[in-house]
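Asks: Sharing a structure here in structure tokens format.
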Amino acid sequence: MKARRPRGAGSVGHQRRTAGRRVLRWAVPLGLAVLLAGCAGDNLPQDFLAPEGPTARAQDRLWNIVFWVAVAVFVLVQTMLVVVLIRFRARPTDTQLPKQTHGNVKLEVVWTIIPALILAFIAVPTVRLIFELAAAPENPVEVRVVGKQYWWEFEYTGEEGQGVVTANELVIPINRPVRLSMESTGQADSDPLGVIHSFWVPKLAGKQDVVPGHTRHLTFMAEEAGVTYSGQCAEFCGLSHANMRMAVHAVEPAEFEAFIEEQATPADIPTSGSAARGAELFTERQCIGCHAINGYEGAAARVGPDLTHFAGREKFAGYMLDNDINEGAENISAWLKDPQVVKPGSQMPDLGLTDEDTADLVEFLRTLQ
Ligand code: CUA
């Protein structure tokens with residue numbers, strides 16, 4: 001008769017049970033954390049599962065189809081796996097290896113055809129939506145988007161846009177499609193060495209890569225005025241990739257027209273006080289070599305953001321720093337004094353400004369309403 005292994009502390013079964021408990025000790029809290037993350041609330045600014053506007057909703061419907069097909073496949077496969085693992089596990093009474101097999105044409109054909117059918121099933125709505133979203137909409141707001149390191153330039157093209165150029169904050173009218181034509185050009189338009197960025201405002205549309213040497217299009221629409229949709233660059237593009245953020249402000253059509261009118265107006269260049277001294281420094285310290293200000297003689301370069309109505313923007317430096325009445329001055333000052341600390345890898349140089357120069361430049365920039 002075969003001697004049975006004692007069921008004691010040193011047995012294989014005991015060791016297995018202890019290891020199992022050890023795995024459970026971290027697997028349970030980890031699993032709970034992942035589950036609870038789903039309860040984080042329904043007011044998340046970049047929640048792509050709460051789509052708004054027709055583009056995001058159509059993409060969400062497609063995502064749901066793929067998701068539930070994947071859930072069905074997952075449940076089926078895992079159930080079969082668990083059943084097989086339990087039913088055919090090694091038992092102490094087993095005296096020989098199970099029957100060894102190699103190849104099964106029927107099974108292989110079946111498990112090739114089923115996934116192919118599933119992919120074909122998913123492909124139909126996917127391809128249809130790709131073409132639908134790629135079609136040019138009627139009467140869109142046309143915006144040229146340039147991804148730079150590390151900020152977004154928005155240029156309202158067409159007659160209605162009046163050549164308005166802004167940075168990081170895209171103002172759009174509601175209930176009208178917005179068609180972006182996106183490029184990556186390096187710092188100046190003449191500089192061909194751009195890097196790949198990805199434009200992503202999760203609640204309004206899926207990601208669209210912005211690739212040097214190509215013009216990519218993206219169409220979306222917002223439906224609720226007064227909402228700010230936050231977004232960010234979604235393709236690693238260098239040191240400050242995480243600081244390349246943006247916002248889409250959805251407004252009533254009349255407010256949009258007023259916005260364009262206001263942005264198209266040249267800046268009032270201050271002529272007295274600290275702000276006027278700052279305006280002089282803008283040329284003396286070479287800011288003018290990179291930044292355009294409509295209304296400021298000679299300031300036309302488009303390496304850095306257009307500053308014509310800089311003070312009217314909510315945030316600056318890749319939509320990262322508050323530009324409001326409370327913190328704006330302090331933030332601009334920190335930015336001018338040490339751009340590389342605020343935004344590593346940025347093309348904004350450290351100009352070695354004195355405290356006085358910095359204060360004057362801040363004053364000047366704050367007048368650009
Ligand atoms: Cu631009 Cu990441």
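Just so you know, all these numbers are worked out from the coordinates, no wet-lab data involved. Bear in mind that the values here come from a model prediction, so they are computed numbers and not experimental data. Glycine also receives a Cβ, built like all others from the backbone with ideal geometry; neighbour counts cover every protein chain displayed.
Asks: Out of the residues in the stretch 252-289 that are part of a helix (DSSP H, G or I) and among the charged types (D, E, K, R), state the one that is surrounded by the most Cβ atoms within 10 Å (Cβ to Cβ).
Replies: Arg277
Asks: Which of the residues belonging to the stretch 194-211 are away from the ligand (no atom under 12 Å from the Cβ) and within 14 Å of Val145 (Cα to Cα)?
Replies: Of everything in the stretch 194-211, those that are away from the ligand (no atom under 12 Å from the Cβ) and within 14 Å of Val145 (Cα to Cα) turn out to be Val201, Gln208.
Asks: Could you check the stretch 62-80 and list, in sequence order, the residues that are surrounded by 12 or more Cβ atoms within 10 Å (Cβ to Cβ) and within 26 Å of Pro177 (Cα to Cα)?
Replies: Leu62, Trp63, Ile65 - these are the residues of the stretch 62-80 that are surrounded by 12 or more Cβ atoms within 10 Å (Cβ to Cβ) and within 26 Å of Pro177 (Cα to Cα).
Asks: Any chance you could count how many residues in the stretch 178-200 are touching a Gly at 6+ places or on another chain (Cβ under 9 Å) and without any contact (Cβ under 8 Å) to a residue 60 or more places away in the chain?
Replies: Number satisfying all stated conditions: 14.
Asks: Let me ask something else about it. Here is a list of conditions, (1) touching a residue at least 40 places away in the same chain (Cβ under 8 Å); (2) within 16 Å of the ligand (Cβ to nearest atom); (3) of a type in the set (Val, Ile, Thr), and Ile118 meets all of them except one; can you say which number that is?
Replies: It fails just one condition, (2).
Asks: Filter the stretch 219-248 for residues that are within 16 Å of the ligand (Cβ to nearest atom) and without any contact (Cβ under 8 Å) to a residue 60 or more places away in the chain; which is farthest from Ile196 (Cα to Cα)?
Replies: Ala242
Asks: Condition first: part of a loop (DSSP other than H, G, I, E, B) and farther than 20 Å from Thr166 by Cβ. Now tell me which residues in the stretch 326-355 satisfy that.
Replies: Asn326, Glu327, Asp338, Pro344, Gly345, Pro349, Asp350, Leu351, Gly352, Leu353, Thr354
Asks: So which residues in the stretch 162-176 are in a loop (DSSP other than H, G, I, E, B), among the polar types (S, T, N, Q), more than 15 Å from the ligand (Cβ to nearest atom) and closer than 22 Å to Ile293 by Cα, if there are any at all?
Replies: Gln162
Asks: Please identify the pairs in which a residue from the stretch 308-322 that is in a loop (DSSP other than H, G, I, E, B) has its Cβ atom under 6 Å from the Cβ atom of a residue that is among the aromatic types (Phe, Trp, Tyr), counting only partners at least 6 apart or on another chain.
Replies: These pairs meet every condition: Ala317/Trp335; Gly318/Tyr150; Gly318/Trp151.
Asks: Can you find a residue that is within 22 Å of Pro339 (Cα to Cα) and either of a type in the set (A, V, I, L, M, F, W, C) or part of a helix (DSSP H, G or I) (or both) anywhere in the stretch 201-208?
Replies: No, the conditions are met nowhere in the stretch 201-208.
Asks: Turning to a different aspect of this structure: All but one of (1) within 28 Å of Phe236 (Cα to Cα); (2) in a loop (DSSP other than H, G, I, E, B) hold for Gly295; which doesn't?
Replies: For Gly295, the failing item is (1).
Asks: Would you point out the residue of the stretch 177-193, among those that are assigned to a loop (DSSP other than H, G, I, E, B) and in contact with a Ser or Thr (Cβ under 8 Å, 6 or more places away or on another chain), that is farthest from the ligand (Cβ to nearest atom)?
Replies: Checking each candidate, the answer is Pro177.
Asks: Another question, if that's okay. Could you please find all residues in the stretch 135-161 being within 16 Å of the ligand (Cβ to nearest atom), part of a strand (DSSP E or B) and either touching a His at 6+ places or on another chain (Cβ under 9 Å) or among the acidic types (Asp, Glu) (or both)?
Replies: Gly147, Lys148, Trp152, Glu153
Asks: So, in the stretch 220-231, of the ones that are buried (at least 21 other Cβ atoms within 10 Å of the Cβ) and closer than 28 Å to Gln149 by Cβ, which residue ends up farthest from the chain's Cα centre (by Cα)?
Replies: Ala222
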